[in-house]
Amino acid sequence: MSTHKLSPMQIKIKKFFFGTHVTDSFFSKLVIYVLLISIGFLYLYPMLYMLSNSLKSQSDIVNPVVNWVPTSLYFGNYQRAFLVLNFFPTLWKSLIVTMVPALIQTMVTAVIGYGFAKFNFKFKKMWLVLVLMTFVIPVQVYMIPRYVMFFNMNLLEKPLSIILPALFGQGVNSAIFVLIFYQFFRMIPIALNEAAEIDGAGPYYIFFKIGVPLAVPAFITSFLFGLVWYWNETYIASLFLGSGYPNMQLRLANFVSEYSQMYASEALLRINEGVRLAATLLIILPMLIVYFTIQRWFVEGVENTGITGE
Amino acid sequence: MKKHRISRVLRENLVGYSFIGIWIVGFLVFMLYPFISSLIYSLSEVKILGTGIDIQFQWFTNFKNIFQQEEGFAFVEALIDFLKELVFQVPIIIVFSVLIAVLLNQPLKGRGMFRSIFFLPVIISSGPVINELISQGAGGANIFESYGFISIIENTLTPAFAAPIVSVFSQIIIIFWFSGVQILIFLAGLQKVDRQIYEAARVDGAGPWESFWKITLPSLSNLVFVNLIYTIVLLATFSENKVIVSIKSNMFNINTGYGMASAMAWIYFIIIMIIIAIVALIFIPKNEKIKGVKR
């Protein structure tokens, strides 16, 4: 295959999409920037929409002239959303069912991943395939009996119902974390283990003294992903925590009804998109803060932990 | 000497199992046991009594009822809708993430910033949040409506086909939002391709078009498979997915209960598995066995 039969226009069109790595012309660069910026804008569009509308008063929302910029910054939406969400107590509840399972899951899956990476034992392949299977099987299949089980154990509406599966490596996306650590520990040369063994170190000592310190990046990335995934997880939370232990996401899901209960008597403060978007923004705010302070760990983590394989 | 070796193998087995033992316990208690129970529930009438649950085995009655009862019709309809959307959404997400990854792989200013933007949705997209955004019109529906795009589709295609396409376009931004992790995975894959290969190809007369099809895409083929599976699982387990909502509401419905909800879950499970199997058959990287799948 060669290009010599192409008209200049065709070549241009091709450069349009793919550029070249060595001879990036001004034109192709410009196109790439325009593409990226417009797609980036599309991506941020819901966020900007949310921010803009949550700062609009009722009259601004119905006013067709007011588009992106409100006539005046109106914080009433946030005030009311804050009250309806019962923000700080709910935040605390959310943090417990987010931080604790994320932390526990990270530590447990590190141990499991290390076991798979460093030792040869019988049926290892079978167990690894089963780890993969736990990722692919839809939660719904086993959730009803798990619900009954937790009901019998009297764990429903308690944070422990979220934490317990995480403790046994069966939490939200645990399989991915096991594989991240499996992949990570496999990259550490086995000679390191052997040298330590010759010096008389036991396997657990080696794990804590060599494995764990080397895996700090994997720990951080896993913890952050665990944090985000647990924060955004709603299905399991709505079943197990329910109305008895409502976290942020559940509050948002029930926001409309809770709002109308709270402001039933005040006709002027009817629910509108401004309040709903303010509530949505308040829900995602904690994770946004985490993301923008340490986003390097999220983005580069995917590359550094070798999830894509060698 | 031989005795020593045997004891060493045994020791390695013991140590290995001591590391993964907690997973095996968890697997048996929180996966296998519920999995089998769920199968039994789906074949039984399950009643919740004050003292506990009462399970009456009744073979395939629940499965038959799905096709005879009103709740069952709603479930089947949700399932068909979901599958139609899946067929449109998965290719969109994969093609979109390859495109973005290729763009981001160019030496650009502000590359890091763009990368953060494209990953941002992973941080914030939960079921209720996306629900709110779509219902409040932030999903991009208005962008496409204002160009008359949607009415064109509605007028030219039969309703059965137009409906899923329209729904795809009215949520196009949210669909893009599901590609954060995939973009990063593709990008990481692209960065491992040796630049010298491109230069060598160029010396041999290959243009960017050939380079893309002959070097870039083949180097991503493993990751296409990984991302396909990831995307299917992501969409199939998304908490606002109609099928999942339907199963959950039937769990607490007196007419259906845990038994029929379990039967629905099993139908869903089997269909997802069939889809994944088909994708695996078509896309599984050659020369690689199952163990390489997630790498």
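The values are calculated or read from the model by the stated rules, or taken from the named source; none is laboratory data. No experiment lies behind these values; they were computed from the predicted model shown. Heads up, the Cβs are rebuilt from the backbone with ideal geometry, glycines too, and the neighbour counts pull from every protein chain shown.
Quick notes on this one:
- Residues of the stretch A:10-33 classified as modelled with pLDDT under 70, part of a helix (DSSP H, G or I) and out of contact with any helix residue (DSSP H, G or I) (no Cβ under 7 Å at 6 or more places or on another chain), total: 5
- Candidates A:Gly200, A:Gly169: the one that is at positive phi and at the interface with chain B (Cβ under 10 Å from one of its Cβ atoms) is A:Gly169.
- Scoring B:Ile271 on the criteria (1) touching a strand residue (DSSP E or B) at 6+ places or on another chain (Cβ under 8 Å); (2) modelled with pLDDT of 90 or more leaves a single failure, condition (1).
- Qualifying residue in the stretch B:37-58 (condition: touching a Gly at 6+ places or on another chain (Cβ under 6 Å) and small (Gly, Ala, Ser)): yes
- Output for the stretch A:107-127, where each listed residue is surrounded by fewer than 19 Cβ atoms within 10 Å (Cβ to Cβ), over 25 Å from the mean Cα position of the chain (by Cα), over 19 Å from B:Arg8 (Cβ atoms) and not basic (Lys, Arg): A:Met126
- Flag for A:Phe225 being within 12 Å of chain B (Cβ to nearest Cβ) and modelled with pLDDT of 85 or more: yes
- All positions within the stretch A:62-85 that are in contact (Cβ under 8 Å) with a residue 40 or more places away in the chain and surrounded by fewer than 14 Cβ atoms within 10 Å (Cβ to Cβ): A:Leu83
- Evaluation of B:Met113 against the conditions (1) part of a helix (DSSP H, G or I); (2) surrounded by 15 or more Cβ atoms within 10 Å (Cβ to Cβ); (3) modelled with pLDDT of 75 or more shows that the sole unmet condition is (2).
- Subset of the stretch B:52-84 that is outside any helix (DSSP H, G or I) and within 14 Å of chain A (Cβ to nearest Cβ) - its residue that is modelled with the lowest pLDDT: B:Gly52
- Residue match in the stretch A:38-54 (condition: among the hydrophobic types (A, V, I, L, M, F, W, C), closer than 30 Å to B:Ser7 by Cα and under 26 Å from the mean Cα position of the chain (by Cα)): no
- Among the residues of the stretch A:264-279, the one identified as surrounded by 11 or more Cβ atoms within 10 Å (Cβ to Cβ), of a type in the set (D, E, K, R) and at pLDDT below 75 is A:Arg270.
- Those helices (runs of 4 or more DSSP H) lying entirely in the stretch B:178-272 with at least 1 residues more than 30 Å from B:Glu70 (Cα to Cα) and more than 10 Å from chain A (Cβ to nearest Cβ): B:180-191, B:195-203, B:217-236
- Only a single criterion out of (1) more than 10 Å from chain B (Cβ to nearest Cβ); (2) surrounded by 19 or more Cβ atoms within 10 Å (Cβ to Cβ); (3) within 30 Å of B:Glu12 (Cα to Cα) is not satisfied by A:Ile162, namely (3).
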